[in-house]
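Colleague: Got a structure for you, written out below as structure tokens; questions coming shortly.
The values are calculated or read from the model by the stated rules, or taken from the named source; none is laboratory data. Just so it is clear, the structure is predicted and the values come from calculations on it, not from any experiment. Here the Cβ positions follow ideal geometry from the backbone for every residue, glycine too, while neighbour counts run over all protein chains shown.
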Amino acid sequence: MCIMNLKSTIVCANITLKVGEKMAQYTDIENVREIYEYLKADIPVFYYDTIDSTNNEAKRFYEKHKNDGVDTPTLFVADHQSAGKGRLGRTFYSPSSTGLYMSLMIKADSLAENTVCMTTAVAVCVTDALKTLCDIDPKIKWVNDIYVENKKVCGILCEALTNPDTQKIDSIIIGIGVNIETKDFPKELSDIATSVGQALNRNELCAKITDNIIDMMKTIEDRKFIEKYKSRSLVLNKEITYFENGIEKSATAIDIDNNGGLVIKTESGVKTLSTGEISVRVK
Ligand code: BTN
């Protein structure tokens, strides 16, 4: 692994990051070292004791470095998030020491037309990592939630960064939050959230998920992950409810298409829900 003079400078994958204002937030070098011990990929890693949101930090990094030609994936990890974000404007509870909060920023051109199914592919990468490292049977609730025994243990939030000049998607931030040992959830979450609940090294899980995503990106075109996604789905062949124009509707989930869309059978025929701003509930 390519780390030189870690205390003053990181040289990794052709990027030199000098310790300055930004790196002063880089408070736990031991965690970075441990992630590097497990990580196969040669990419920069930033670790924060506390931060608002690793997705936000990745965005700030992008704004600062977008003209520097940084084209490797870059990983941002925090022990605690003070403003962890979920989909649909929700928050993600991110207490210290008990969860994994990570964002992997990747260049969109490495994905070509495949950004549309990124969340779907990442859900498979996360469940693969959990199945490798602990003895659980994680399921996927379309589109971005990982469940264990009918409660959520992980959420995924992918955000696209658009180049204002070209109006094209330039980078994707893949944010992943896993409840590993969190026990005391706020009241509103206590019925729906749980933790992996097994001895699991956060840094090893972080490295495994990152390597899985980087490997998956090389073959995302073939859509092989869709079969795994289906086999782990919590919603397929179930009655579901979803909201359309603010109205709650019922349907049966019958398939996942090659773009990660949920194919449903409704009273008025078969249609596909895309991975945008839709939340689905299993009845
Ligand atoms: C969801 O449940 O809707 C998605 C949750 C995503 C949470 C992760 S934690 C790391 C990254 N930083 C954030 O602010 N959100 C994501």
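Colleague: Filter the range 49-62 down to residues that are touching a Ser or Thr at 6+ places or on another chain (Cβ under 8 Å) and either hydrophobic (A, V, I, L, M, F, W, C) or more than 11 Å from the ligand (Cβ to nearest atom) (or both) and give me whichever is nearest to residue 280 (Cα to Cα).
Modeller: 58
Colleague: I've got another one for you. Quick check: anything in the range 121-131 at pLDDT 95 or above and surrounded by fewer than 18 Cβ atoms within 10 Å (Cβ to Cβ)?
Modeller: Among the residues of the range 121-131, at least one is at pLDDT 95 or above and surrounded by fewer than 18 Cβ atoms within 10 Å (Cβ to Cβ), which makes the answer yes.
Colleague: Mind checking which residues of the range 187-200 are within 14 Å of the ligand (Cβ to nearest atom), of a type outside the set (A, V, I, L, M) and surrounded by fewer than 17 Cβ atoms within 10 Å (Cβ to Cβ)?
Modeller: 188
Colleague: Does the range 132-145 contain any residue that is within 12 Å of the chain's Cα centre (by Cα) and at pLDDT 95 or above?
Modeller: The answer is yes, given that some residue of the range 132-145 is within 12 Å of the chain's Cα centre (by Cα) and at pLDDT 95 or above.
Colleague: Next question. Which count do you get for residues in the range 98-116 that are at pLDDT 95 or above and either near the ligand (Cβ under 7 Å from one of its atoms) or hydroxyl-bearing (Ser, Thr, Tyr) (or both)?
Modeller: 4
Colleague: Hey, among the residues in the range 145-184 that are within 13 Å of the ligand (Cβ to nearest atom) and part of a loop (DSSP other than H, G, I, E, B), which one's nearest to residue 135 (Cα to Cα)?
Modeller: 180
Colleague: So which residues in the range 63-96 are more than 13 Å from the ligand (Cβ to nearest atom), surrounded by 12 or more Cβ atoms within 10 Å (Cβ to Cβ) and more than 21 Å from residue 31 (Cβ to Cβ), if there are any at all?
Modeller: Those that are more than 13 Å from the ligand (Cβ to nearest atom), surrounded by 12 or more Cβ atoms within 10 Å (Cβ to Cβ) and more than 21 Å from residue 31 (Cβ to Cβ): 65, 66, 70, 71.
Colleague: Just one of 237, 212, 203 is at positive phi and either surrounded by fewer than 12 Cβ atoms within 10 Å (Cβ to Cβ) or not in a loop (DSSP other than H, G, I, E, B) (or both); which is it?
Modeller: Working: 212 fails: at positive phi; 203 fails: at positive phi.
Residue meeting the stated conditions: 237.
Colleague: Surrounded by 12 or more Cβ atoms within 10 Å (Cβ to Cβ), farther than 22 Å from residue 128 by Cα and either in contact with a strand residue (DSSP E or B) (Cβ under 9 Å, 6 or more places away or on another chain) or among the charged types (D, E, K, R) (or both): is that true of residue 242 in this structure?
Modeller: Spelling it out, residue 242 is indeed surrounded by 12 or more Cβ atoms within 10 Å (Cβ to Cβ), farther than 22 Å from residue 128 by Cα and either in contact with a strand residue (DSSP E or B) (Cβ under 9 Å, 6 or more places away or on another chain) or among the charged types (D, E, K, R) (or both).
Colleague: Separate question: Would you check if residue 187 is within 20 Å of residue 39 (Cβ to Cβ) and out of contact with any strand residue (DSSP E or B) (no Cβ under 8 Å at 6 or more places or on another chain)?
Modeller: Against the criterion (within 20 Å of residue 39 (Cβ to Cβ) and out of contact with any strand residue (DSSP E or B) (no Cβ under 8 Å at 6 or more places or on another chain)), residue 187 does not qualify.
Colleague: Then there's this: All but one of (1) surrounded by fewer than 22 Cβ atoms within 10 Å (Cβ to Cβ); (2) closer than 27 Å to residue 187 by Cα hold for residue 39, so report the exception by its number.
Modeller: The failed condition is (2).
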